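Values quoted throughout were computed directly from the atomic coordinates according to the rules given, and no laboratory measurement underlies them. For clarity, every value in this text was computed on a predicted model and none was experimentally measured. Neighbour counts are summed over all protein chains in view; Cβ atoms, including those assigned to glycine, are modelled from backbone coordinates with ideal geometry.
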Amino acid sequence: MKKVKAFVRCQKVEAVLNTLEEAGIEGVTLIDVLGLGSYSDPKTAKYSYDCVEKYSNIAKLELVCSSADVHRIVEIIRTTAYSGMKGDGIVFVSPVDMAVIIRTGAVGEDGL
């Protein structure tokens, strides 16, 4: 199993989620986050009154999938989130040692 964590432009997140859904990918978590540094789009970055730092609004997507599906999912995210401009985002993939569904007790990929 793999965990896919992607940071994409807010303007692209709906298209990414729709494309994942059309591909049969479920169980995506969407989180609104602020990105600093290389995540920042220089055209939309602004200074925060709260933290006095430069940031851009970005969306964080997280999901756990089978190892067999990970490349297809990453490619869907990469191609759908692409605009060709700095700040398009980044995708991280990491291993998942165990997953347990609380309600059913299903373990591993059976729970996905």
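A few notes on this one:
- The slack in the chain from T79 to Q11, taken as 0.36 nm per residue of separation less the alpha-carbon distance, amounts to 23.1 nm.
- Here r is the Cβ-Cβ distance between V33 and T104 and R0 is 35 Å; the resulting FRET efficiency, rounded to 0.05, is 0.70.
- Local electrostatic count at T79 - Lys and Arg +1, Asp and Glu -1, tallied over other residues with Cβ under 12 Å: +1
- Estimated at 0.36 nm per residue, the fully extended path between K86 and N57 surpasses their Cα-Cα distance by 9.1 nm.
- Cβ-Cβ distance of N18 and A68, R₀ of 25 Å, FRET efficiency by 1/(1 + (r/R0)^6): the value works out to about 0.65.
- From phi via Karplus (6.51, -1.76, 1.60), per-residue ³J(HN,Hα) for region 80-92 in Hz, x at Gly/Pro: 6, 7, 5, 10, x, 9, 4, x, 4, x, 7, 10, 10
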